[in-house]
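The values are calculated or read from the model by the stated rules, or taken from the named source; none is laboratory data. It should be emphasised that the depicted structure is a prediction, and the values quoted were computed from it without experimental measurement. Note that we place each Cβ from the backbone using ideal geometry, even for glycine, and neighbour counts take in every protein chain shown.
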């Protein structure tokens, strides 16, 4: 995946992609515009963000909910870019390093290491859907014993965070697994694995097909900030396809 797609940087410009069909009600052409914005041009960035927000309204009104969510996410990414440009640049550099790593275990491990660092998490795993079954299989993990791997290697329901993220095509956060009723079937393994909170972020492709789920776990009850979750979602988009291709 090109690091400049859907929000990215080169040394001299920022690039954002959005659907022109929803940029303005009076211009309903269904195509794509690529905005190339010189660094420091906050006015242009804010204009692109406004176009994305307009896009979301029109997409949702036409029943295209996933596309509307993507447009809203793009607008939030621009806001994050304006507020924390250096953080975004470091994340994209780390993601590029993952993509440039030869396919295989090392690429998956580096992708997970980056994920844990972004959210200051204690444990984590990456799952890919089976080609035919669609059930989630763990392809790399950090910090878990075999009992956890056996328990969550083959998720096909929505009681866990990863299962919900896959079913909803949206990030899921369980700030305290002991207080989440749906998570009850997994509380014993959570206690054995010594985690109290978990977030799962899915990557869905342009055809709305699940590509991967990245999950991070925390020893204590924990709720990541909106900015952290937005940054993490962006990171998963940047590395997820490369991780899936290395399986």
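Do any helices (runs of 4 or more DSSP H) entirely within segment 34-102 hold 2 or more residues that are under 18 Å from residue 206 (Cβ atoms), touching a strand residue (DSSP E or B) at 6+ places or on another chain (Cβ under 9 Å) and at pLDDT below 90, and if so, which? Break it down stepwise before answering.
Numbers: elements: 42-61, 65-83, 85-100.
Qualifying helices (runs of 4 or more DSSP H): 42-61, 65-83.
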Subset of segment 120-151 (residues that are outside any loop (DSSP other than H, G, I, E, B), in contact with a strand residue (DSSP E or B) (Cβ under 9 Å, 6 or more places away or on another chain) and over 20 Å from residue 220 (Cα atoms)): 126, 127, 128, 129, 136, 137, 138, 139, 140, 149
Enumeration of residues in segment 166-197 that are in contact (Cβ under 8 Å) with a residue 24 or more places away in the chain, crowded, with 18+ Cβ neighbours inside 10 Å and over 14 Å from the mean Cα position of the chain (by Cα): 174, 183, 186, 189, 193, 195, 196, 197
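Every residue in segment 118-138 that is exposed (fewer than 14 other Cβ atoms within 10 Å of the Cβ) and at pLDDT 95 or above, please. Can you show your working first?
Within segment 118-138, the first condition is being exposed (fewer than 14 other Cβ atoms within 10 Å of the Cβ), and the residues that meet it are 120, 130-134.
Once the filter is applied, which keeps residues that are exposed (fewer than 14 other Cβ atoms within 10 Å of the Cβ) and at pLDDT 95 or above, segment 118-138 yields only 120.
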Complete set of residues in segment 198-218 that are touching a residue at least 12 places away in the same chain (Cβ under 8 Å) and either assigned to a loop (DSSP other than H, G, I, E, B) or not assigned by TED's automatic domain parsing to the domain that holds residue 122 (or both): 205, 208
Residue 108 vs. criteria buried (at least 19 other Cβ atoms within 10 Å of the Cβ) and either over 19 Å from the mean Cα position of the chain (by Cα) or in contact (Cβ under 8 Å) with a residue 60 or more places away in the chain (or both): yes
Out of 169, 111, 121, sole residue that is assigned by TED's automatic domain parsing to the domain that holds residue 207, at positive phi and touching a helix residue (DSSP H, G or I) at 6+ places or on another chain (Cβ under 8 Å): 169
